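So the structure is just underneath, and the comments pick up after that.
The values are calculated or read from the model by the stated rules, or taken from the named source; none is laboratory data. All values reported here derive from a predicted model rather than from experimental measurement. Cβ atoms come from the backbone with ideal geometry, glycine included; neighbour counts cover every protein chain shown. Surface accessibility is based on the protein's heavy atoms, side chains included, excluding ligands, DNA and RNA. Shrake-Rupley method; radii C 1.70, N 1.55, O 1.52, S 1.80 Å.
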Amino acid sequence: VFAFLAGVRLCGAAGRMRDAAKAPSRRGAPLAGYLFAAGSGIMSAVFNIGYALALPIRDAGERLGHSAFAATNCIWLLMLAAGSIPNIAFCARLLRKNTSVKLFAEPNSGKAWGLSALMGLLWGGSIFLYGAATPLLGDIGPSVGWPLSLAAALLVANLMGLILGEWRGAGPEAAGKMRLGILTLLGAIVLCAASARLGAP
């Protein structure tokens, strides 16, 4: 966990250095931005807490003859269906408030529809993979799997940023710090995997 936090810190510092190089006159982010980001990170863990507390559902599914993966999907059915209700309600409210429903039928909206569907499939796929992987990590699966999942997500996001050119024009110091952050995240992933093996019976 400490290695993961160190990697996040390095990547964040590299991003701030890159942004300062591109817009030197821009002032630092307001405190509210940091508070919202920290709050969203903390609240995201509630998803994993819900999963961990719902593991008896998976156990019941396995006793009925289902595989661990299939039984885990019963948890996602309950959690994601319940979680979709406030999301759909809030989006519907914004669509009505901003009268933006018509944007879904814009002439060139096909690309946005496709990318949105792909984003949903990738996110859903990551959740199903997480549910399939945690039983393989033993009793501490949710404890090890969640930071491992977050580290992998951050790693992929930063690598995609490098590939898509977000770091063009960044100074060598910022790019070097980002590379060091990526290596630290890789180390955190290895450490999580090793801790799971050591904790296995």
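Grab the Cα-Cα distance for A175 and A21, subtract it from 0.36 nm times how many residues apart they are, and report the gain in nm with one decimal. Don't skip to the end; give the middle numbers.
On the way: separation 154, 0.36 × 154 = 55.44 nm, distance 1.15 nm.
Stretched fully, the A175-A21 segment lengthens by 54.3 nm.
Any idea what the dipole of the chain comes to, in debye rounded to 20, about its Cα centre with Lys/Arg Cβ at +1 and Asp/Glu Cβ at -1? Intermediate results must be reported in sequence, preceding the final value.
Details: 17 positive and 7 negative charges, 159 e Å.
Here the chain has a charge dipole of around 760 debye.
Overall, the accessible surface of the chain at a probe of 1.4 angstrom is composed of carbon and sulfur to the extent of 72 percent. Counting Cα-Cα pairs of the chain in 10 Å increments starting at 0 gives whole-percent bin shares of 7, 24, 30, 27, 11, 2, 0.
Applied to segment 100-109, the Karplus parametrisation 6.51 cos²θ - 1.76 cosθ + 1.60 on θ = phi - 60° returns per-residue 3J(HN,Hα) values of 10, 4, 4, 5, 5, 10, 4, x, 9, 8 Hz, with x for Gly and Pro. At most 11 other C-beta atoms within 10 Å and a DSSP loop state: those are the exposed trypsin sites (Lys or Arg not before Pro) I care about. Give me the longest piece of the chain that has none. The segment 28-167 is the longest one with no such site. Fully extending the segment from K111 to L164 would add 17.3 nm, taking 0.36 nm per residue of separation and subtracting the current Cα-Cα distance. Ordering L103, L148, S44 by Cα displacement along the dipole of the chain toward the positive end leaves L103 in first place; charges were set at the Cβ atoms of Lys, Arg (+1) and Asp, Glu (-1). Only one residue of A157, L122, C192 has its Cα farthest out toward the positive end of the dipole of the chain, where Lys and Arg carry +1 and Asp and Glu -1 on Cβ, and that residue is A157. The lysines whose alpha-carbon is closer than 19 Å to the alpha-carbon of K22, local same-chain residues fewer than 8 away aside, are K177.
If you roll a 1.4 Å probe over the heavy atoms of the protein chains, what accessible area per residue do you get for segment 151-201, in Å²?
On the way: 3160 Å² over 51 residues.
That works out to 62 Å² for each residue.
A helix-only calculation puts the chain at -27500 deg cm²/dmol for mean residue ellipticity at 222 nm, using -39500 (n - 2.57) for each DSSP H run of at least four residues, averaged over all residues.
Semi-axes of the equivalent ellipsoid of segment 19-132: what are they in whole Å, largest first, if each equals the square root of 5 times a C-alpha gyration tensor eigenvalue?
Values: eigenvalues 237, 104, 47 Å².
With the √(5λ) rule applied to segment 19-132, the semi-axes are 34, 23, 15 Å.
Placing unit charges on the Cβ atoms of the charged side chains and taking the dipole of the chain about its Cα centre, the candidate lying farthest along the positive direction among A132, A92, W167 is W167. With both labels modelled 7 Å from their Cα along Cα-to-Cβ, the F69 to S44 distance reads 2.5 nm. Computed extension length for F90-L78: 2.4 nm, one decimal, from 0.36 nm per residue of separation with the Cα-Cα distance subtracted.
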